[in-house]
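Scroll down for the structure; my scribbles are underneath it.
The values are calculated or read from the model by the stated rules, or taken from the named source; none is laboratory data. In this text, all values refer to a predicted model and were calculated from it rather than measured experimentally. No Cβ is skipped: glycine too gets one built from the backbone with ideal geometry, and neighbour counts run over all protein chains shown. What goes into the accessible areas is simple: the full protein's heavy atoms, side chains included, and nothing from ligands, DNA or RNA. Shrake-Rupley method; radii C 1.70, N 1.55, O 1.52, S 1.80 Å.
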Amino acid sequence: MSVEDNPALANALRETLRTQRKALADDYAATPNAALYLAEHARLVDGILARLWRHMDFSPEPTLAAVGGFGRGELYPGSDVDLLVLLPFVPNAALREKLARLVSLFWDIGLEVGHSVRTIGECLEEAAGDITIQTALLEGRYLTGNAALHADFQARFACRLDPRAFLTAKQLEQEERHQRYQDTPYSLEPNCKESPGGLRDLQNILWIAKAGGYGANWQELKARQLISHDDYIQLQQCEDMLQNLRIRLHLLTGRREDKLLFDHQESLAGVMGVVSPDARRPSEVLMQTYYRNAKRVTQLNAIFLQNIAAELIPAACAAPRPLNARFRILGDVLDLTRIKVFEEQPGAILESFQLLQTHPELRGMSARTLRALWYARVLVTPEFRQDPENRRRFLSLFQGERGIVHAFRRMNQHDILGNYLPAFGKIVGQMQHDLFHAYTVDQHILQVLRNLRRFAVEEFAHEYPYCSRLHNAFARPWTLYVAALFHDIAKGRGGDHSLLGMEDAREFCAGHGVAREDAELIVWLVGAHLHMSQVAQKEDITNPEVVAAFARKVGDTRRLTALYLLTVADIRGTGPKVWNSWKAKLLEDLYRLTLRYLETGAPVPPQGIIQERQAGAMSLLRYFALSDTVHERLWKQFDTVYFLRHTAEEIAWHTRSLHYRTNIDKPVVKARVYPGGGLQVMAYLKDGPDLFLRMAAFFTRAGYSIADAKLHTTRHGYALDSFILLDVADNASDRDMIAFIESELSLRLSADAPAEAPARGRLSRQVRHFPIAPEVHIHPDERGDQQVLSLTAVDRPGLLYHIAAVLVRHHIAINAARISTLGERVEDTFLISGAALKKRGPRLKLEQDLLDVLSLSEDRGR
């Protein structure tokens with residue numbers, strides 16, 4: 001009797017599946033046991049499939065087999081049930097129809113199946129050129145039907161499987177998969193299955209081992225002595241952590257979800273009973289545990305794939321080349337002369353990294369050396385850290401000619417770095433919910449170190465030629481690398497991490513015999529590492545007083561160069577959304593202006609600066625065959641503030657565009673490609689109270705964000721406003737957008753229509769789950785003539801428009817704006833003036849209205 005003739009059976013199986021799955025989930029919630037849950041869930045589905053197969057009344061020839069993860073006897077709550085219907089012959093129409101009804105029934109009762117119907121020949125043919133099919137079939141498991149047919153298939157498949165080719169293909173597949181996830185386990189929303197350090201890396205070991213005939217599980221690999229008892233325990237612990245996390249994630253979301261999104265991290269921490277021992281969120285503790293587990297998985301994966309590769313593809317029997325009594329070169333890897341070297345001489349731990357630095361022909365360490373290194377990490381004790389020779393070795397790793405970044409990444413990977421510097425160990429795997437760092441603290445630090453080293457490498461000199469030139473002329477650049485290692489080492493402790501990091505750096509330098517001059521530079525850099533970025537992005541660096549104050553803080557040209565290089569490397573190391581050519585130009589401009597100040601020893605007086613810029617502008621105008629009097633009518637309308645705020649090149653551009661139309665009725669809009677990236681736009685028209693609001697609305701709707709604004713009112717009542725715009729909407733090339741902006745903005749300004757509010761956009765998940773409290777600060781500028789408005793908030797579409805709308809309502813004039821976007825966080829600075837700023841009541845109302853606009857509500861975020 002078929003199931004269609006017995007709908008009661010289908011209903012019964014559907015209900016059985018539902019109730020038994022719920023019972024499994026309830027049992028798991030009460031007593032979490034990942035291996036038991038996965039096996040019992042697979043067993044439940046096995047029984048239902050077999051029952052359906054029998055009631056479909058197939059002839060004895062076909063076979064139903066489990067493949068893929070289901071073939072392993074594991075089934076996650078949201079995973080597909082991967083099936084193979086194996087046939088001894090090509091099916092006729094009647095059999096095809098019957099199989100189609102069977103698959104439809106699988107879905108009807110609540111099973112999400114991934115199935116294929118193949119003969120043995122078809123399976124073998126398809127598997128021959130596809131590593132994914134080979135892997136799925138490798139885990140094949142008989143369920144019901146023709147057992148002899150399945151046994152025959154498995155024998156023929158095993159006979160055709162080439163373990164060496166399988167190893168090579170799986171290694172390449174793993175490399176490609178890791179690249180898809182940026183080769184790091186430390187992204188803030190990792191995939192617990194596919195990311196480096198995820199379940200796939202453990203499964204890859206077992207797949208390759210099974211293909212080579214070494215065993216299908218950790219117990220069998222242990223019996224074959226491919227892994228030790230300690231390895232066995234660690235592999236099981238790592239696997240258990242990942243399996244539990246994935247089960248919880250599936251149960252929490254009610255679907256197959258493998259990515260640890262911000263939406264789920266806090267809930268996962270709750271259901272897993274994670275408690276924070278300090279001020280961190282439970283989700284941060286959970287993720288730090290995950291990252292440390294992922295790091296161990298990547299270590300184990302590297303060791304055991306190397307072990308299995310050595311078994312499957314033995315290297316040519318080249319004689320080992322001794323380096324010293326402790327180490328030798330074996331092929332192209334560093335190997336211990338005896339397994340207990342680290343135990344007998346712990347100082348050899350750091351020596352191994354030195355040897356990799358000084359021997360470029362070595363691509364890494366042998367599997368047994370990696371394993372010994374992992375177990376030797378506990379030998380890095382307080383006594384080890386106090387040993388003068390170990391301190392000398394550690395410091396020398398900063399001073400090598402090559403391999404510096406690799407050395408510190410390897411030390412971090414094997415927990416040597418965190419044990420040698422306990423302060424560093426505390427920030428390994430620590431998340432950063434500041435809306436612009438894309439990596440954990442330890443990975444960000446190593447990324448900054450990598451960026452600094454790229455300045456020194458000739459192959460990368462084209463990336464930042466000016467930085468490369470400065471770096472190569474900088475004496476003892478290793479001091480920069482030490483500062484990079486310590487600049488964020490105190491994150492998460494509470495308090496100012498820059499000041500706390502200074503103490504750590506000072507202690508390190510004193511203990512490692514760093515010369516006084518170098519130690520002072522390192523400690524100062526750690527304390528000041530944010531200062532240059534803040535000045536460049538938040539203050540008007542065309543103001544000589546700003547440059548002079550920054551120069552006094554820096555003190556000398558060596559510190560200036562060091563801080564500039566560290567700042568560029570630091571911002572570039574935060575994440576792909578933070579660095580751009582506009583910030584690069586700001587920092588370089590501040591560096592050059594400050595360098596000039598420090599080299600001359602005295603600030604140029606304002607009148608001297610004005611004369612210098614006017615002369616520079618006139619020189620540029622002559623290139624365009626303009627007369628020496630062409631500027632006179634326009635420049636009479638400018639005050640000293642205009643000349644102090646604009647560069648000679650900008651003054652020349654304005655003059656060329658406006659010298660013959662200083663008193664016009666229609667707006668003049670000019671745009672050009674900006675040398676620092678993006679567009680520079682100038683608008684000249686009769687002044688009005690809401691001009692900035694209208695232009696901010698236009699630029700937002702056109703897909704541009706304002707990075708910088710200089711708003712000037714001439715003596716005869718015209719506004720001359722200049723903007724630096726950055727494309728945030730993937731428009732056509734900036735050059736292609738020039739005509740559109742000049743035409744459309746002119747039309748909008750001529751119409752004198754109200755500003756059009758930009759369309760609302762969606763907030764990112766990170767913003768929704770890790771918001772920051774908005775801040776509003778208003779204080780007088782250095783002269784006391786105007787007020788400085790500083791805002792910090794989460795970025796969102798149209799934010800600048802809403803800020804400008806508040807200022808217009810309060811009759812506040814914007815004289816300059818510096819817009820700084822750090823990932824999802826904005827830190828904007830405005831130079832403002834208006835009557836409301838002079839009285840306490842109106843000023844408090846302004847601040848409250850701004851806070852209301854900056855605050856994130858659910859309605860605003862939708």
Every residue in the range 841-860 that is at pLDDT 90 or above and either open to solvent by 60 Å² or more (accessible area, probe 1.4 Å) or over 24 Å from Ala757 (Cα atoms) (or both), please. Gly841, Pro842, Arg843, Leu844, Lys845, Gln848, Asp852
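Is there a residue being in a loop (DSSP other than H, G, I, E, B) and of a type in the set (D, E, K, R) anywhere in the range 222-229? Break it down into steps so the answer makes sense when it comes.
Kept after step one, since they are in a loop (DSSP other than H, G, I, E, B), are these residues of the range 222-229: 224-228.
Subset that is of a type in the set (D, E, K, R): 224.
The answer is yes, given that some residue of the range 222-229 is in a loop (DSSP other than H, G, I, E, B) and of a type in the set (D, E, K, R).
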Please go through the range 270-287 and give me each residue that is over 22 Å from the mean Cα position of the chain (by Cα) and either within 20 Å of Gly198 (Cα to Cα) or of a type in the set (A, V, I, L, M) (or both), ordered by number. Val271, Met272, Val274, Val275, Ala279
Residue in the range 107-126 that is under 30 Å from Arg248 (Cβ atoms), open to solvent by 10 Å² or more (accessible area, probe 1.4 Å) and in a helix (DSSP H, G or I) present: yes
Complete set of residues in the range 275-311 that are open to solvent by less than 50 Å² (accessible area, probe 1.4 Å) and of a type in the set (Gly, Ala, Ser): Ser276, Ser283, Ala294, Ala302, Ala309
Of the residues in the range 144-157, those that are in contact (Cβ under 8 Å) with a residue 40 or more places away in the chain and either open to solvent by 30 Å² or more (accessible area, probe 1.4 Å) or part of a helix (DSSP H, G or I) (or both) come to Gly145, Asn146, Ala147, Leu149, His150, Phe153
Identify all residues within the range 184-198 that are under 11 Å from the mean Cα position of the chain (by Cα) and surrounded by fewer than 24 Cβ atoms within 10 Å (Cβ to Cβ); write none if there are none. Thr184, Ser187, Leu188, Glu189, Pro190
Can you pull out every residue in the range 648-690 that is under 43 Å from the mean Cα position of the chain (by Cα) and of a type in the set (A, V, I, L, M, F, W, C)? Ala648, Ile651, Ala652, Trp653, Val668, Val669, Ala671, Val673, Leu679, Val681, Met682, Ala683
The conditions are (1) over 24 Å from Cys238 (Cβ atoms); (2) within 44 Å of the chain's Cα centre (by Cα); (3) assigned to a helix (DSSP H, G or I); (4) touching a residue at least 60 places away in the same chain (Cβ under 8 Å), and Ala65 fails exactly one of them. Which is it? (3)
May I ask you to verify whether Gly495 is on the phi > 0 side of the Ramachandran plot and touching a residue at least 60 places away in the same chain (Cβ under 8 Å)? no
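Give Asn412, Asn451 a once-over and let me know the one that is in contact (Cβ under 8 Å) with a residue 12 or more places away in the chain, under 23 Å from the mean Cα position of the chain (by Cα), assigned to a helix (DSSP H, G or I) and within 16 Å of Thr184 (Cα to Cα).
On the way: Asn451 fails: within 16 Å of Thr184 (Cα to Cα).
The match here is Asn412.
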Does Met695 count as in contact (Cβ under 8 Å) with a residue 12 or more places away in the chain, surrounded by fewer than 21 Cβ atoms within 10 Å (Cβ to Cβ) and of a type outside the set (Gly, Ala, Ser)? no
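Let's see how each residue does on (1) modelled with pLDDT of 85 or more; (2) surrounded by 21 or more Cβ atoms within 10 Å (Cβ to Cβ); (3) not in a helix (DSSP H, G or I):
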| residue | (1), (2), (3) |
| --- | --- |
| Gly784 | no, no, yes |
| Ser790 | yes, no, yes |
| Ala805 | yes, no, no |
| Val808 | yes, no, no |
| Thr821 | no, yes, yes |
| Glu827 | no, no, yes |
| Ile832 | yes, yes, yes |
For the list (1) out of contact with any Gly (no Cβ under 7 Å at 6 or more places or on another chain); (2) crowded, with 16+ Cβ neighbours inside 10 Å, I need the number of the one condition that Lys585 fails. (1)
Report, by residue number, each residue of the range 627-638 that is open to solvent by 50 Å² or more (accessible area, probe 1.4 Å) and in a loop (DSSP other than H, G, I, E, B). Ser627, Asp628, Thr629, Lys636
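So which residues in the range 41-60 are open to solvent by 70 Å² or more (accessible area, probe 1.4 Å) and either β-branched (Val, Ile, Thr) or on the phi < 0 side of the Ramachandran plot (or both), if there are any at all?
We begin by selecting, within the range 41-60, every residue open to solvent by 70 Å² or more (accessible area, probe 1.4 Å); these are 43, 51, 54, 57, 60.
Of everything in the range 41-60, those that are open to solvent by 70 Å² or more (accessible area, probe 1.4 Å) and either β-branched (Val, Ile, Thr) or on the phi < 0 side of the Ramachandran plot (or both) turn out to be Arg43, Arg51, Arg54, Pro60.
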All positions within the range 76-106 that are open to solvent by less than 10 Å² (accessible area, probe 1.4 Å) and part of a loop (DSSP other than H, G, I, E, B): Tyr76
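Ala316: of a type in the set (A, V, I, L, M, F, W, C), at pLDDT below 95, farther than 30 Å from Gly110 by Cα and surrounded by fewer than 16 Cβ atoms within 10 Å (Cβ to Cβ), yes or no? First the steps, then the outcome.
Details: of a type in the set (A, V, I, L, M, F, W, C): yes; at pLDDT below 95: yes; farther than 30 Å from Gly110 by Cα: yes; surrounded by fewer than 16 Cβ atoms within 10 Å (Cβ to Cβ): yes.
Taking the combined requirement at face value, the residue satisfies it.
Being more than 27 Å from Leu235 (Cα to Cα) and in contact with a helix residue (DSSP H, G or I) (Cβ under 9 Å, 6 or more places away or on another chain) narrows it down to one residue among Leu305, Leu379, Leu323, Leu336; which is it?
Values: Leu305 fails: more than 27 Å from Leu235 (Cα to Cα); Leu379 fails: more than 27 Å from Leu235 (Cα to Cα); Leu336 fails: more than 27 Å from Leu235 (Cα to Cα).
On inspection, the qualifying residue turns out to be Leu323.
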Filter the range 130-143 down to the residues that are more than 35 Å from the chain's Cα centre (by Cα), not hydroxyl-bearing (Ser, Thr, Tyr) and not in a helix (DSSP H, G or I), then identify the one that is farthest from Gly71 (Cα to Cα). Leu143
I'd like to know if the range 647-662 contains one or more residues that are over 19 Å from Arg672 (Cβ atoms) and either of a type in the set (D, E, K, R) or surrounded by fewer than 17 Cβ atoms within 10 Å (Cβ to Cβ) (or both). yes
Residues of the range 345-383 that turn out to be in a helix (DSSP H, G or I) and open to solvent by 40 Å² or more (accessible area, probe 1.4 Å), as a count: 9
From the list Leu595, Leu525, Leu560, Leu565, which one is over 24 Å from Leu725 (Cα atoms), within 22 Å of the chain's Cα centre (by Cα) and of a type outside the set (S, T, N, Q)? Leu565
Quick one: which residue in Lys553, Lys538 is open to solvent by 30 Å² or more (accessible area, probe 1.4 Å) and touching a strand residue (DSSP E or B) at 6+ places or on another chain (Cβ under 7 Å)? Lys538
